[in-house]
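Visitor: Attaching a single structure in C-alpha cells format; questions to follow.
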Amino acid sequence: MTAPGAEQLLVRRPVWQALSDLYLDTDVDALHARVARVLAQSPYSLDVLWRILRDEVHPALRYNLSGVAGEWAGFDPGWLADRIVRRLARPRWRRPFGCLFCGYPRQQWRILAPLIQRERGAG
C-alpha cells in the first residue's frame, strides 16, 4: 500500500478514525457496533477494510495497547492521518515490521466483519 492521494484521504480518514477507537485504552466491546456502522457506510469492500485495519491502523497504533496509561479519549484525526500517511510513504523495506499484538487485528476483525455485513444488508 502506498500513501493515499488527497481524494482517497478524504474517504479513508473516517475509516481510520473509526478503527482507531479499537486501540483506545478502554473496553472497546461497546464500540464495535458504532465502528461497524461507520465502516459499512464506506465505499470499501470487506477485504479492503481488513487490509486498512491490518496494514495501516494497526501498525500506527499498536503501541497504545501496551502502554501503562494509553490514550483513552480518542486520537486526534490529523495526528492519526499524518502518522499513517508518513508510514505508508516509506518504502516497504523501511517500514518497521513487528508482530507486537499481531493477533489483535484478527480478533477485532472476527467481531467487526459480520457486523459490517449486517449493517450493509440492512441498508
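Please treat every number below as a calculation from the coordinates, not as lab data. Quantities reported herein were computed from a predicted structural model and do not represent experimental measurements. All Cβ positions, even for glycine, are placed from backbone atoms using ideal geometry, and neighbour counts span all protein chains on display.
Visitor: Can you put ASP27, ASP76 in order of Cβ neighbours within 10 angstrom, beginning with the fewest?
Guide: ASP27, ASP76
Visitor: Pop a pseudo-label 7 angstrom from the Cα along the beta-carbon direction at both GLN117 and ALA33 and give the gap in nm to one decimal.
Guide: If labels sit at GLN117 and ALA33, their model points lie 2.0 nm apart.
Visitor: What is the order of GLU56, GLU119, GLU7, fewest Cβ neighbours within 10 Å to most?
Guide: The order, fewest Cβ neighbours first, is GLU7, GLU119, GLU56.
Visitor: Along the Cα→Cβ direction, 7 angstrom out, place labels at ASP25 and VAL48. What is the inter-label distance in nm?
Guide: That separation, rounded to one decimal, is 3.5 nm.
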